[in-house]
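Quick notes on the structure that follows.
The values are calculated or read from the model by the stated rules, or taken from the named source; none is laboratory data. Only a predicted model underlies this, so the values are computations on that prediction, with no experimental measurement involved. For neighbour counting, all protein chains shown are included, and Cβ atoms are generated from backbone atoms with ideal geometry for every residue, glycine included. Note: accessible area is taken over every heavy atom of the protein model, side chains too, but ligands, DNA and RNA are not part of it. Shrake-Rupley method; radii C 1.70, N 1.55, O 1.52, S 1.80 Å.
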Amino acid sequence: ATGAAPLPEFWFQRGSLGPMDLVEDWAAKQGRILTGGGTLEQFFLPGSHYKDPEDLPHHHLSQRAQRDGRNGTVEAFREWKAASKEALWLAGAWTRPLFAGGFEESTEADTFVRNIQTPTLFVDMRWPLHREEALRRSGPMPAPTALSQCSDQQLRVLARQHVFCGYSLVNCSVYDDERQPVVARHHAIDWNYHQQFPRSRPNMWRVQMNPAFTSFKEWAVATDSYGQCCYMERWRRLPPHGGLGPNAHVSYTAAAGIDRKRARCLALRRLGEQDALLCLVDGHFGLAVGREAHVDESVSGQDLGGSSGGGMANLVDHALSTGQRGVAEQLLSIEGSYGVVQNGKWLIQKSTHPWKEGRELFGPNVTIAVDRATNSFTIDGHVWMIFECNFCDRDLGQLFGRSDLTVCSGMESRPKSRPKSSTMRSRL
């Protein structure tokens, strides 16, 4: 996507451009900025600046665990969590006022960004602001409610979004302003990943926090011959929502090991036929859902080598241009959704599948159980492993809108049979 030439820079030169032009340019520009105008590979070298392939974001995703056949991130993430490789100071719900690299920048004037980062797992989502107008002009109305109802042009619009999730591996657990920690992100689900077009450089950056820990600058580890970073992103912490921030009037207790100064976090990973990560920080949540296992195998087996490059936009464009409409829909079946929790309701505000916006993530008709002994949730029969949870049992009930939520503590004095599950509806 970095090869596309930028559109005219000034607004009065863009008057004749339609929303599709702007959405296409948005997707291409994200790549140009990230690579510092195409200089990243020149200045970021394996062996000298990072370990190849261990530091690459898709290294573990591309590996198959010998024990169960799942991608290697399952075991890697568990090992890192068990070794307490976490960064409490990085946890937050973040928005991005500025993304700059080369001679271009992207701001909140053209992009909606939400980065839900717990001490370990994260869900990162980006949308072009012109998406809705481009969708309206690209297909019949009423608006589609499934990928199968979208026109080809609408699929091209939807390809120009981004969601990825995984584990933020930080080289030190305590923030040091002089040292400025380095983060290497390892992806479990990635909108732009296809095994024929692996990412050639790590998702690795240096963190510079402000004194109040309300904003940080993400500096590229890669620097040019003058020592200047190839790109920079500035992140701003979102205020807590729904009374779920660190200073909220909730039942903090010493016995629960909850620190008032820390972000309120829940991070879950669903295992099985369809990988998913759910991260909640201070009342803001991010959900990433991968393709179903059989769909992912089908997509991986497709020969998309004729595409002009990697990334969802190029791959979907290629599939549509070669008459592979079904492949395009399969590629786009990944979901990324952002929302907030208000009075026990998890409300989706933005999604890569826009027909889900305005809906509740959870409702009152599907079973849910929390098992502290196995460190897991069971939602609608699917097991979700807990990576982060600094909510006590009573507050979990409030979080999900159920005062009678039952939690199995794992104490020997408790019955071994699973307790009655509270009833909730889940869209997961």
* Between the alpha-carbon centers of the stretch 333-410 and the stretch 185-238, tell me the distance in whole angstrom. => 29
* Asked: Looking at the stretch 115-179, which trypsin sites (Lys or Arg not before Pro) are in a loop (DSSP not H, G, I, E or B) and have at most 14 other Cβ atoms within 10 Å?
  -> ARG137, ARG179
* Return one number: the angle in degrees, 0 to 90 and rounded to the nearest 10, between the long axis of the Cα atoms of helix 73-82 and the longest principal axis of the Cα atoms of the chain. => 50
* Structure fact -> Phi angles of the stretch 168-180, converted by Karplus (6.51 cos²θ - 1.76 cosθ + 1.60, θ = phi - 60°) into ³J(HN,Hα) in whole Hz with x for Gly and Pro, give 8, 9, 10, 7, 7, 7, 10, 5, 10, 5, 6, 7, 6
* Amide H neighbours of GLY283 under 5 Å, counting only residues 5+ apart in sequence or on other chains, H built in-plane at 1.01 Å? -> HIS241
* Structure fact -> Pairs over 30 Å Cα to Cα, from LYS85/LYS345; LYS217/LYS345; LYS81/LYS356; LYS51/LYS217, come to LYS85/LYS345; LYS217/LYS345; LYS81/LYS356
* Asked: Counting other Cβ atoms within 10 Å of each Cβ, which trypsin sites (Lys or Arg not before Pro) in the stretch 266-375 have at most 16 and sit in a DSSP loop?
  -> ARG359, ARG372
* To do: Using a cut-off of 10 Å between beta-carbons, work out the net charge of the residues near ASP275 (Lys and Arg +1, Asp and Glu -1, ASP275 not included).
  => +1
* Assigned charges on the beta-carbon of Lys, Arg, Asp, Glu; the stretch 314-407 dipole about Cα centre (debye) -> 160
* Asked: If you roll a 1.4 Å probe over the heavy atoms of the protein chains, what accessible area per residue do you get for the chain, in Å²?
  -> 45
* Check PHE112: other-chain or 5+ apart residues with amide H under 5 Å from its amide H, H built from backbone geometry? -> TRP127, LEU129
* Asked: Counting only protein heavy atoms and using a 1.4 Å probe, what share of the accessible area of the chain belongs to carbon plus sulfur, as a whole percent?
  -> 50
* Asked: Near the amide H of PHE362, under 5 Å away, which other amide H atoms are found, from residues 5 or more places off or on another chain, if H is placed in the peptide plane?
  -> TRP346
* Surrounding net charge for ASN210, when Lys and Arg each add one and Asp and Glu each subtract one, Cβ distance under 12 Å -> +3
* Asked: Quick one, which of (i) 34.0; (ii) 20.9; (iii) 22.1 is the actual mean projected area of the Cα convex hull in nm² calculated for this model?
  -> (iii)
* In whole Hz, with x marking every Gly and Pro, tabulate ³J(HN,Hα) for the stretch 264-280 from phi via Karplus 6.51 cos²θ - 1.76 cosθ + 1.60, θ = phi - 60°. => 8, 10, 9, 9, 10, 10, 8, 9, x, 6, 9, 5, 7, 10, 10, 10, 10
* Return one number: the angle in degrees, 0 to 90 and rounded to the nearest 10, between the long axis of the Cα atoms of helix 312-321 and the longest principal axis of the Cα atoms of the chain. => 60
* Structure fact -> In the stretch 60-117, the trypsin sites (Lys or Arg not before Pro) that sit in a DSSP loop and have at most 11 other Cβ atoms within 10 Å of their own Cβ are ARG67
* Structure fact -> Contour minus Cα-Cα span, ALA146 to ALA212, at 0.36 nm per residue, comes to 19.4 nm
* Structure fact -> Karplus ³J(HN,Hα) for the stretch 104-111 (6.51 cos²θ - 1.76 cosθ + 1.60, θ = phi - 60°; Hz, whole; x = Gly/Pro) runs 9, 8, 10, 9, 5, 6, 10, 9
* Per DSSP H run of at least 4 residues, take -39500 (n - 2.57); add these up for the chain, divide by its residues and hand me the 222 nm value, nearest 500 deg cm²/dmol. => -5000 deg cm²/dmol
* Structure fact -> Answer in debye to the nearest 20: the dipole magnitude of the chain about its Cα centre, from +1 Lys/Arg and -1 Asp/Glu charges placed on Cβ, is 1180
